[in-house]
Amino acid sequence: MNVKNTVKLTLDVIMLLIVALLYEKRVISMSFHEIVGLGVFFLFLIHLVFNQRWIKHVSKRILDKTLPTKTKLGYVINALLVISWALVSISGVLISKVVFHINVGGMLWKTVHYTSAAVSLILLGIHLGLHGPWLKGIVSIGALWMK
Amino acid sequence: MVCLTASLLFGVYSIKTTNIMQWLTMPIVSMVQLGEQGDFSNGHSYGAKGFSQNNPTEKGERKKFGESHDMPTPKSETKAGSVGFEFKLGNAIKVVCSYVSIMILIATIVYGIEMFIKRKRLIR
């Protein structure tokens, strides 16, 4: 496994663990939920930068009939994931109680926050599933490396 | 394979034992409430009317899972008098395992569907 893949995988695992922790806001503290929630959004941007070649390549060919359906589906899922994460972050800032003290949205933004977070969880699962062969390869390389 | 099976079993166990399903259905419930209320700017706090009164199991869930339910609830007071939450490592690990296993569960279903489609195409 090369250095770039190792860094990417480490970042992904960290993101996964943090995102899972963020789903229960009271498990650590409200400040943690809000600050790390914003922090993970930047990790998410780094994840996009790491995969920018794929994004550029597929964006150019998204209407191309020769592009595999799986790639197109992955692109749509990723786009939905970006939208839902943006909604989670924006609504999170608007209903912030500790960091920003804005709290302008009331119930509407809370509903947006919960709904987009629930959708993100499902989309993340699909995103992981679509990378199944890659993850399987990484796990088997890791198992070989450990031997 | 063993790890995958274990995570799948844990995912199913998490859905059954923790409040994940309640949490996942919360947006739908809150949207229904939002529609019923019509005007949501009249000072009703989120969940105070809907979840706390309409959901008899919530109290039990909180007892089981601490104050971790994902909606505004009366906050616990710390010794210093400030509003805070008690951090428990066990709870944090449980939360991480539960949500990660839910993701793996969905991922496995997607991967299974992909494999099924691939195999079917090969046969045909």
Qualifying residues in the range A:9-35 (those that are β-branched (Val, Ile, Thr) and within 16 Å of the chain's Cα centre (by Cα)) - the one nearest to A:Ser91 (Cα to Cα): A:Val19
Lone unmet requirement of (1) under 26 Å from A:Trp109 (Cβ atoms); (2) crowded, with 17+ Cβ neighbours inside 10 Å for A:Gly39: (2)
Any hit, the range A:65-85, residues being farther than 30 Å from B:Phe116 by Cβ, basic (Lys, Arg) and either surrounded by 15 or more Cβ atoms within 10 Å (Cβ to Cβ) or modelled with pLDDT of 90 or more (or both): no
A:Trp54, sole failed condition from (1) farther than 24 Å from A:Ile18 by Cα; (2) aromatic (Phe, Trp, Tyr); (3) surrounded by 19 or more Cβ atoms within 10 Å (Cβ to Cβ): (3)
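The values are calculated or read from the model by the stated rules, or taken from the named source; none is laboratory data. Quick caveat: nothing in here was measured; it's all calculated off a predicted structure. Cβ coordinates were reconstructed from backbone atoms using ideal geometry, including for glycine residues, and neighbour counts include every protein chain displayed.
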